[in-house]
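I have placed the structure first, in the form of structure tokens, so that the comments after it can refer back to it.
The values are calculated or read from the model by the stated rules, or taken from the named source; none is laboratory data. Here the structure is a predicted model, which means the values were calculated and not measured. Cβ: placed from backbone, ideal geometry, glycine included. Neighbour counts: every protein chain shown.
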């Protein structure tokens with residue numbers, strides 16, 4: 001069975017927002033903003049709704065706009081601290097990597113100075129030393145830096161998309177409120 005939805009004031013947000021987002025596109029219902037305004041004015045004109053119900057609808061839209069504005073502001077204000085935390089973590093990882101390389105150089109120097117005879121008799125001495133210390137540590141830290149960078153990019157793009165969507169919704173409600181105010185005047 002198919003669900004039937006009852007929308008307040010005959011306002012289906014998903015449908016109306018989709019129409020609003022597609023204004024001016026090739027296969028859109030409305031070719032420009034003026035056509036869309038005419039559509040909304042025709043849909044909610046005083047012939048179909050009383051002035052009282054339009055005032056109630058206006059306040060309903062204002063409430064929806066205010067809730068979107070809070071979401072929009074919270075996403076926008078939450079982005080800067082997240083970016084700063086991400087940059088501090090990446091910086092810490094990079095300096096850790098540099099510290100590992102410095103420790104490796106010290107280890108190589110001390111082993112080289114302490115095992116003079118082994119240097120001459122074992123031709124794989126440096127290769128074994130390199131594979132045991134530097135490559136294992138470098139691999140783990142490089143993988144960590146790459147994964148953290150990918151995670152940061154995913155989080156940043158997700159937050160940016162949320163901010164963009166909330167701004168689009170906010171301006172949609174602002175335009176709708178403006179049209180309903182014109183109908184009421």
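Scan region 55-78 for residues that are modelled with pLDDT of 85 or more and either closer than 18 Å to residue 183 by Cβ or in contact with a helix residue (DSSP H, G or I) (Cβ under 7 Å, 6 or more places away or on another chain) (or both) and report the count.
Total satisfying the criteria: 12.
Can you tell me which residue is nearest to residue 81 (Cα to Cα) among those in region 176-185 that are surrounded by fewer than 16 Cβ atoms within 10 Å (Cβ to Cβ) and at pLDDT 85 or above?
Among those that are surrounded by fewer than 16 Cβ atoms within 10 Å (Cβ to Cβ) and at pLDDT 85 or above, it is 178.
Can you go through 132, 123 and tell me which one is exposed (fewer than 11 other Cβ atoms within 10 Å of the Cβ) and at pLDDT below 70?
Checking each option against the conditions leaves just 123.
Checking the structure you have, find out if any residue of region 139-146 is modelled with pLDDT of 80 or more and either within 30 Å of residue 36 (Cα to Cα) or part of a helix (DSSP H, G or I) (or both).
Yes; the residues of region 139-146 include at least one that is modelled with pLDDT of 80 or more and either within 30 Å of residue 36 (Cα to Cα) or part of a helix (DSSP H, G or I) (or both).
Counting only residues that are assigned to a loop (DSSP other than H, G, I, E, B) and modelled with pLDDT of 80 or more, which one in region 1-18 is surrounded by the fewest Cβ atoms within 10 Å (Cβ to Cβ)?
Among those residues, the one meeting the criterion is 12.
Kindly indicate whether residue 45 is assigned to a helix (DSSP H, G or I), in contact with a helix residue (DSSP H, G or I) (Cβ under 8 Å, 6 or more places away or on another chain) and either under 28 Å from residue 173 (Cβ atoms) or at pLDDT 75 or above (or both).
Here the answer is no, as residue 45 does not meet what is asked.
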